[in-house]
Every structure is written in structure tokens, then in C-alpha cells.
Amino acid sequence: MMDRICLDCGEKIVGRSDKKFCNDQCRNNYNNKLSSTTNSEIRYINNILRKNRRILEEIADNDEGKAKISLTKLNEKGFNFKYFTHIYQTKTGNVYHFCYEYGYLGLDNNYYMIVKRTEN
């Protein structure tokens with residue numbers, strides 16, 4: 001009969017024949033390592049989305065749900081245009097990019113209209 005070793009620490013396993021880990025800590029360590037790469041990428045993107053939302057919220061809430069701001073000021077605040085949650089196209093063809101309930105529309109002269117979506 002072959003000696004079984006723990007998938008996490010490599011120690012010899014004693015006990016049931018289908019046991020893969022020597023203890024609960026090793027089992028948790030192993031499973032945390034498996035999901036850490038995926039979770040860190042998701043966490044990174046969610047942090048960017050939350051920051052974008054906070055920036056849009058700060059701008060829109062100062063002007064009661066609608067505001068106009070320059071590209072320069074958005075960049076100074078750290079807004080990242082690569083990340084948004086969804087796109088909404090109006091009947092007139094305007095395309096809004098949204099971070100959750102706050103959206104922005106590109107205007108002329110490097111300005112953006114910031115809006116807060118309200119459910120009716």
C-alpha cells in the first residue's frame with residue numbers, strides 16, 4: 001500500500017483511505033490557493049468599478065443627479081474609462097456608459113455629462 005501525502009504540505013496522511021489533507025488548515029490553505037488568482041483579478045476590477053462609481057456619485061450628487069465635467073477633471077480624480085458595468089443607448093443614438101446607476105456621456109470639447117439613473 002502506498003503512503004498518501006497531503007496535497008498542501010506534503011506530510012504523510014493517516015486515516016481514511018480517501019483523505020487528501022492531513023488537517024483542516026491544510027485543506028483550507030489548498031483551496032484558498034486555488035481560488036486566489038481568480039479572486040484577486042475580480043477584486044481588482046471591482047475596486048476600479050467602485051472607485052469610478054464614487055467619482056461619478058460625487059459629481060452627480062453635487063448637482064442633483066446631473067452634471068457636466070471636463071475630461072481633465074475626471075482624469076485628475078482618477079477615473080478609469082476602461083471599466084464600466086453596462087452601456088445604454090438612447091432612442092436618439094446617444095451612448096451612455098454606466099458604473100452601476102451612474103452614467104456618463106461624451107460631449108463636445110472633451111466634456112462629459114454625468115447622470116444618475118432613476119427607476120420609474
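Nothing in this text is a laboratory measurement; each read-out follows from the coordinates by a stated rule. Bear in mind the structure is a predicted one, so any value in this text is a computation, not a measurement. When we count neighbours, we look across all protein chains shown, and the Cβ atoms used for this are built from the backbone with ideal geometry, even at glycine.
Only DSSP H runs of four or more residues enter the estimate; each adds -39500 (n - 2.57), and after division by the residues of the chain the mean residue ellipticity at 222 nm equals -13500 deg cm²/dmol.
Among the GluC sites (Glu not before Pro) within the range 1-76, which fall in a DSSP loop and have no more than 10 other Cβ atoms within 10 Å of their own Cβ? It would help to have the intermediate numbers written out before the result.
Working: sites: E11, E41, E57, E58, E64, E76; in loops: E11, E64.
Sites meeting the loop and neighbour criteria: E64.
Relative to the longest principal axis of the Cα atoms of the chain, the long axis of helix 24-62 makes an angle of roughly 10 degrees.
Using the Cα gyration tensor of the range 3-57, with a ≥ b ≥ c the square roots of its eigenvalues, what is the shape: rounded (a/c below 1.5), prolate (a/b larger than b/c) or oblate (neither)? Each step should come with its number before you reach the end.
On the way: a/c = 6.01, a/b = 5.04, b/c = 1.19.
Prolate, since a/c reaches 1.5 and a/b exceeds b/c.
Could you tell me how many cubic angstrom of Cα convex hull volume the range 24-116 has per residue?
Looking at the range 24-116, the number lands at 127 Å³ per residue.
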